[in-house]
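Input: a single structure, listed below in structure tokens.
The values are calculated or read from the model by the stated rules, or taken from the named source; none is laboratory data. Predicted, not measured: the structure shown is a model, and the values here were computed from it. Please note: Cβ atoms are built from the backbone with ideal geometry, for glycine as well, and neighbour counts cover all protein chains shown.
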Amino acid sequence: MADKVFQIPLMTPYKMGNFELSHRVVLAPLTRQRSYGNVPQPHAILYYSQRTSKGGLLISEATGVSDTAQGYPETPGIWTKEHVEAWKPIVDAVHAKGGIFFCQIWHVGRVSNTGFQPNGQAPISSSDKELTPQVRSNGIDVAQFSPPRKLRTEEIPVIVNDFRLAAKNAMEAGFDGVEIHGAHGYLIDQFMKDEINDRTDKYGGSLENRCRFALEIVEAIADEIGAEKVGIRLSPFANYMQSGDSDPKALGLYMAKSLNAYKIAYCHMVEPRMKTVGEKVECPDSLVPMRKAFNGTFISAGGYDMEEGNKAVAENRTDLVAYGRLFLANPDLPKRFELNAPLNKYNRETFYIPDPVIGYTDYPFLETTV
Ligand code: FNR
């Protein structure tokens, strides 16, 4: 390109274990609620393929590990053969364009209600503390939750195994790896955060005990598919879904240090300034201590624009930057950054509508990249 005089930090290559990334702009996991009946749909082929660049890393939308994992309409699963088969052409399309694709696997825990649960049973959690109704991150809908049932100690290995099987299924679907969703007040976070976890067994109380569930999942999945294919997302500072912690920095540091033992591919942390999923606030805290404590690849996310992403990489505060809303609205985001081109604006109102095209695959590309 004649007008390209130097390579911006975000567009420099990076080696993440065995994966050769050609740049550092990652597609953040984005729930889009267009997987009817929990089955990924053919329209997701175009959506993910549009956001693929050669050597780019993509993280899928949060994908349920079991029939108790759901809490939102039309979110995908990966616990049945049908789910695995439905993911295959989507993963193939990403690979056809040279992308690297990790599947984010989740369990919502108490962020659910009996309508999403098998036989109308209560959602499960670390605690029986009920979540009060919440305005969804589209700023429009109000989500209602049912009182959860506190998991018995002997049930916990069953859930760990559900995560392990989901990771195995993700490999069968062709994904390059999995990202364990340990952020944003969902089941794993419901164990880690002391605002929620009131257990008195070995999964509650001390930091070590509260993080045990997360680390057991990491270990089980690393054993199953290989540590180099495992990442985890954490948001120690967020209080989304009433998931606050009295000492988020200690929690983040404990997890960053403990993860080193498993030699996983990456640790993906959400910036302290993102108190909720879509709202940026002034915050004096930073992820730097966690970045320093963790030996593997570090991904930062939350409220980044191009300039800040470049700065974070240049100052070695992170290896990779995940972009959510900007990537949602700009399928060719890495190219736009490279060319310093203007960005499309995102439309919150279409984040979670079930339409297979509108607000999903109809955001325009730059003319030069069509
Ligand atoms: C999200 N986010 C999110 N996070 C996650 O771990 N799993 C998910 O499935 C989702 N889903 C989701 C959907 C939508 C529509 C939005 C806007 C956000 C959070 C997302 O990955 C990211 O952390 C935030 O959007 C903040 O980053 P940006 O948007 O400021 O780059």
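Listed by first and then second residue, the pairs with beta-carbon distance under 7 Å, at least 6 apart or on different chains, first residue in the range 94-107 and more than 14 Å from residue 47 (Cα to Cα), second of a type in the set (Phe, Trp, Tyr) and away from the ligand (no atom under 16 Å from the Cβ), are 100/19. Kindly list, by first and then second residue, each pair from a residue in the range 44-62 that is farther than 17 Å from residue 335 by Cβ and within 16 Å of the ligand (Cβ to nearest atom) to a residue that is assigned to a strand (DSSP E or B) and β-branched (Val, Ile, Thr), limited to pairs with Cβ atoms under 7 Å and residues at least 6 apart or on different chains. Once the first residue is farther than 17 Å from residue 335 by Cβ and within 16 Å of the ligand (Cβ to nearest atom) and sits in the range 44-62, its partners that are assigned to a strand (DSSP E or B) and β-branched (Val, Ile, Thr) give 59/26. The single condition among (1) surrounded by fewer than 24 Cβ atoms within 10 Å (Cβ to Cβ); (2) away from the ligand (no atom under 16 Å from the Cβ) that residue 72 does not satisfy is (2).
Residues are listed down the side, and each one gets a yes or a no for (1) within 16 Å of the ligand (Cβ to nearest atom); (2) acidic (Asp, Glu); (3) under 30 Å from residue 15 (Cβ atoms):
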{"position": "318", "(1), (2), (3)": "yes, no, yes"}
{"position": "329", "(1), (2), (3)": "yes, no, yes"}
{"position": "342", "(1), (2), (3)": "no, no, no"}
{"position": "363", "(1), (2), (3)": "yes, no, no"}
{"position": "366", "(1), (2), (3)": "no, no, yes"}
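Determine, yes or no, whether residue 230 is more than 14 Å from the ligand (Cβ to nearest atom) and among the β-branched types (Val, Ile, Thr). It is true that residue 230 is more than 14 Å from the ligand (Cβ to nearest atom) and among the β-branched types (Val, Ile, Thr). Screening the candidates 352, 346 for the property of being within 9 Å of the ligand (Cβ to nearest atom), touching a residue at least 24 places away in the same chain (Cβ under 8 Å), under 22 Å from the mean Cα position of the chain (by Cα) and outside any helix (DSSP H, G or I) yields one hit, 352. Close Cβ contacts (under 6 Å, 6 or more residues apart or on different chains) running from residues in the range 261-288 that are farther than 22 Å from residue 242 by Cβ to residues that are modelled with pLDDT under 95 and part of a strand (DSSP E or B) are absent. In the range 14-33, the residues that are within 19 Å of residue 296 (Cβ to Cβ) and part of a strand (DSSP E or B) form Cβ pairs under 8 Å with partners that are more than 9 Å from the ligand (Cβ to nearest atom) and among the β-branched types (Val, Ile, Thr), at six or more places apart or across chains, as follows: 14/297; 16/297; 19/100; 21/100; 26/299.
Among the conditions (1) modelled with pLDDT under 95; (2) in contact with a strand residue (DSSP E or B) (Cβ under 6 Å, 6 or more places away or on another chain), the only one that residue 175 does not satisfy is (1).
Matching residues to (1) surrounded by fewer than 18 Cβ atoms within 10 Å (Cβ to Cβ); (2) in contact with an Asp or Glu (Cβ under 9 Å, 6 or more places away or on another chain); (3) outside any loop (DSSP other than H, G, I, E, B):
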| site | (1), (2), (3) |
| --- | --- |
| 264 | no, yes, no |
| 282 | yes, no, no |
| 289 | yes, no, yes |
| 313 | no, yes, yes |
| 318 | no, no, no |
| 331 | no, no, no |
